[in-house]
1. Using modelled backbone amide H atoms (1.01 Å from N, in-plane), which distant-in-sequence or interchain residues come within less than 5 Å of Asn5's amide H?
2. Give the angle, between 0 and 90 degrees and rounded to the nearest 10, that separates the Cα long axis of helix 12-23 from the longest principal axis of the Cα atoms of the chain.
3. Please give the per residue accessible area of the chain, computed with a probe of 1.4 Å over protein heavy atoms only, in Å².
4. With a 1.4 Å probe and all protein chains left in place, how much of the accessible area of segment 22-73 comes from carbon and sulfur atoms, in whole percent?
5. How many percent of Cα pairs in the chain exceed 19 Å?
6. Any chance you could give the angle, 0 to 90 degrees and rounded to 10, that helix 38-47 forms with the longest Cα principal axis of the chain?
7. Work out from phi, with θ = phi - 60° and the Karplus expression 6.51 cos²θ - 1.76 cosθ + 1.60, the ³J(HN,Hα) of each residue of segment 53-62, listed in order in whole Hz, and give x for Gly and Pro.
8. When the helix-only estimate is applied to the chain (DSSP H runs of n ≥ 4, each -39,500 (n - 2.57), divided by the residue count), what is the mean residue ellipticity at 222 nm, nearest 500 deg cm²/dmol?
Amino acid sequence: MTDYNLNDGYTGIDAIRTFQSHWQHTMPTIIVTADTSTKIARRAEEEGIAVVYKPARPAKLRALLLHLLQTKESSELASAD
């Protein structure tokens, strides 16, 4: 989980890509942002990244995290068969 706007024009999407490329591993990811423009949502969707808009309620974040982790776990179990 990362904020969308980071330092020096670097975005959370950039950070996620860098992390996943470095570790050669994809994982469930979430961008948190106050920017409701469709550009960010579209770009995140293309990358398979969930978006949560600020102010984000803890219960919503928790539910989304659980959903993403359960979905990932289910897909890993299915691919192991």
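The values are calculated or read from the model by the stated rules, or taken from the named source; none is laboratory data. Quantities reported herein were computed from a predicted structural model and do not represent experimental measurements. Remember, those area values only see protein heavy atoms, side chains included, never the ligands or the DNA or RNA. Shrake-Rupley method; radii C 1.70, N 1.55, O 1.52, S 1.80 Å.
1. Amide H neighbours of Asn5: Gly12.
2. Once rounded, the angle reads 40 degrees.
3. Spelled out: the 1.4 Å probe surface of the chain, per residue, equals 73 Å².
4. 57 percent
5. Values: 1356 of 3240 pairs.
Result for the distance tail: 42 percent.
6. So the helix axis and the longest Cα principal axis differ by about 30 degrees.
7. Values per residue, Gly and Pro as x: 9, 6, x, 8, 6, x, 5, 5, 4, 4 Hz.
8. The helix contribution divided over the chain gives -18000 deg cm²/dmol.
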